[in-house]
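Read the structure below first, then the notes.
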Amino acid sequence: MQNLRYVGKNLFLEKLSVTNILKKNKTPFYLYSENQIIYNYLKFTKTFIKTNPIVCFAAKSNSNVAILKILGKLGAGADVVSVGELLKALKAGIKSNKIVFSGVGKTEEELEIAINKKILLINCESESEAKLIDKIAKKLKKKVSIGFRLNPNIDAKTHKKISTGKAENKFGLSIKNFKSFFRDMSMYQNIRLDALSVHIGSQILTDSPYKKTLNVMSKLIEELNLELKFVDLGGGFGINYSGKDKPINLTKYSALVDNFSKKLKCKIIFEPGRSIIGDTGILLSKIQYIKKSANKDFIILDVGMNDFMR
């Protein structure tokens with residue numbers, strides 16, 4: 001984190017003394033560097049400047065309205081997974097035509113709100129969800145733009161609990177099942193297939209699984225002769241937690257994405273979250289007690305697991 005540093009024994013975030021901030025605010029609380037958020041976002045967009053993607057910040061990584069406002073002013077959209085996140089993004093000033101609604105468990109009420117808000121895209125996770133959207137859209141007398149999230153059966157080589165692109169994961173539709181549904185798309189008059197989406201996991205530190213994903217997507221789009229407005233390539237870009245982690249080389253990946261986009265003549269959507277917000281803030285707390293035992297001392301804070309970010 002570039003904007004966090006010690007001056008002697010005093011910790012500073014940007015040019016402000018953390019000690020002075022603590023004197024004026026009750027702990028526990030999160031403290032963020034706006035400069036770091038801006039730096040991370042602009043660095044990401046600059047890396048993909050040739051492709052000029054729609055960058056939809058993954059609100060599940062941090063749905064703080066103040067942070068969403070910062071990103072919205074920079075031109076970011078939002079990737080949301082609940083109607084709460086959707087309404088927060090709109091409250092923060094993010095335009096509805098830059099909001100993508102993802103997530104496996106969207107309710108009928110949430111889908112109806114999303115349709116009425118005229119968001120850019122609803123990424124379907126199953127055939128049954130697409131059928132429900134068609135039903136709702138028919139009731140509302142609308143034609144709704146949808147994407148289908150594919151499960152490419154690719155191992156992102158990350159922790160098994162945050163891997164989302166393998167066949168055994170709950171996310172997305174298998175390519176076989178997507179092909180089957182696509183053949184019957186003409187039955188559904190109130191939905192329009194404008195996108196394919198993929199998200200293979202989080203904290204990914206190599207571009208290898210992304211390369212494989214682009215190949216899978218490219219072959220499928222060409223095989224079915226799909227004419228798409230968008231391809232949503234998700235996010236999952238890892239950051240350096242330990243000082244030893246080597247983050248993914250996004251410059252190399254950006255060249256692959258640019259070629260992919262030009263070849264298929266579609267607009268790219270990205271959904272970065274952790275890579276934008278993960279190194280921008282700290283959680284501040286105070287020591288309440290020091291408890292001594294036979295083998296070790298315990299430092300008791302005024303913060304707990306319930307205060308931790310996801």
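The values are calculated or read from the model by the stated rules, or taken from the named source; none is laboratory data. Quantities reported herein were computed from a predicted structural model and do not represent experimental measurements. Cβ atoms come from the backbone with ideal geometry, glycine included; neighbour counts cover every protein chain shown. For the accessible areas, the whole protein counts, side chains as well, though only heavy atoms, and no ligand, DNA or RNA atoms are used. Shrake-Rupley method; radii C 1.70, N 1.55, O 1.52, S 1.80 Å.
Please verify whether Ser82 is free of Cβ contacts under 8 Å to residues at least 40 places away in the same chain and more than 13 Å from the chain's Cα centre (by Cα), treating the condition exactly as stated. In short, no.
For region 98-118, a tally of residues being open to solvent by less than 60 Å² (accessible area, probe 1.4 Å), closer than 20 Å to Lys229 by Cα and part of a loop (DSSP other than H, G, I, E, B) returns 1.
Scanning region 9-53 for residues that are more than 30 Å from the chain's Cα centre (by Cα) and open to solvent by less than 70 Å² (accessible area, probe 1.4 Å) turns up Leu11, Ser17, Thr19, Ile21, Leu22.
Go through region 193-215 and report how many residues are part of a helix (DSSP H, G or I), buried (at least 18 other Cβ atoms within 10 Å of the Cβ) and out of contact with any helix residue (DSSP H, G or I) (no Cβ under 7 Å at 6 or more places or on another chain).
Looking only at region 193-215, we keep the residues that are part of a helix (DSSP H, G or I), and these are 208-215.
Filter again for buried (at least 18 other Cβ atoms within 10 Å of the Cβ), leaving 209-210, 213-214.
Pick out the ones that are also out of contact with any helix residue (DSSP H, G or I) (no Cβ under 7 Å at 6 or more places or on another chain) and you get 209, 213.
Residues flagged as part of a helix (DSSP H, G or I), buried (at least 18 other Cβ atoms within 10 Å of the Cβ) and out of contact with any helix residue (DSSP H, G or I) (no Cβ under 7 Å at 6 or more places or on another chain) within region 193-215 amount to 2.
Scanning region 155-189 for residues being at pLDDT 90 or above, crowded, with 18+ Cβ neighbours inside 10 Å and not hydrophobic (A, V, I, L, M, F, W, C) gives a total of 1.
Regarding region 132-154, can at least one residue be identified that is open to solvent by 10 Å² or more (accessible area, probe 1.4 Å), in a loop (DSSP other than H, G, I, E, B), in contact with a Pro (Cβ under 7 Å, 6 or more places away or on another chain) and in contact (Cβ under 8 Å) with a residue 12 or more places away in the chain?
Residues of region 132-154 open to solvent by 10 Å² or more (accessible area, probe 1.4 Å): 132, 134-135, 138-145, 149, 151-154.
Imposing the further condition that a residue be in a loop (DSSP other than H, G, I, E, B) reduces the set to 141-143, 152-154.
This time we only want the ones that are in contact with a Pro (Cβ under 7 Å, 6 or more places away or on another chain), so: 154.
Applying the additional criterion that residues be in contact (Cβ under 8 Å) with a residue 12 or more places away in the chain yields 154.
Within region 132-154, one or more residues are open to solvent by 10 Å² or more (accessible area, probe 1.4 Å), in a loop (DSSP other than H, G, I, E, B), in contact with a Pro (Cβ under 7 Å, 6 or more places away or on another chain) and in contact (Cβ under 8 Å) with a residue 12 or more places away in the chain.
Residues that are in contact (Cβ under 8 Å) with a residue 12 or more places away in the chain, of a type in the set (Ser, Thr, Tyr) and more than 22 Å from Gly273 (Cβ to Cβ) within region 1-57 comprise just one, Thr27.
With the requirement that a residue be open to solvent by 20 Å² or more (accessible area, probe 1.4 Å) and either under 20 Å from the mean Cα position of the chain (by Cα) or in contact (Cβ under 8 Å) with a residue 60 or more places away in the chain (or both), what does region 119-130 give you?
So in region 119-130, the residues open to solvent by 20 Å² or more (accessible area, probe 1.4 Å) come out as 119-120, 126-128.
Passing the criteria: Ile119, Leu120, Ser126.
Filtered by the rule that a residue be open to solvent by 40 Å² or more (accessible area, probe 1.4 Å) and either closer than 15 Å to Pro272 by Cβ or not in a helix (DSSP H, G or I) (or both), region 66-97 gives Leu74, Val81, Gly93, Lys95. Taking the condition within 25 Å of Ala137 (Cβ to Cβ) and either among the small types (Gly, Ala, Ser) or at pLDDT 95 or above (or both), does Leu233 pass? Criteria not met by Leu233.
Mind listing whichever residues of region 1-36 are in contact with a helix residue (DSSP H, G or I) (Cβ under 8 Å, 6 or more places away or on another chain) and either over 25 Å from Asn240 (Cα atoms) or assigned to a loop (DSSP other than H, G, I, E, B) (or both)? Met1, Gln2, Asn3, Glu14, Pro28, listed by residue number. The strands (runs of 3 or more DSSP E) falling completely within region 250-310 that include 3 or more residues that are crowded, with 19+ Cβ neighbours inside 10 Å and either in contact with a Gly (Cβ under 6 Å, 6 or more places away or on another chain) or modelled with pLDDT of 95 or more (or both) map to 267-270.
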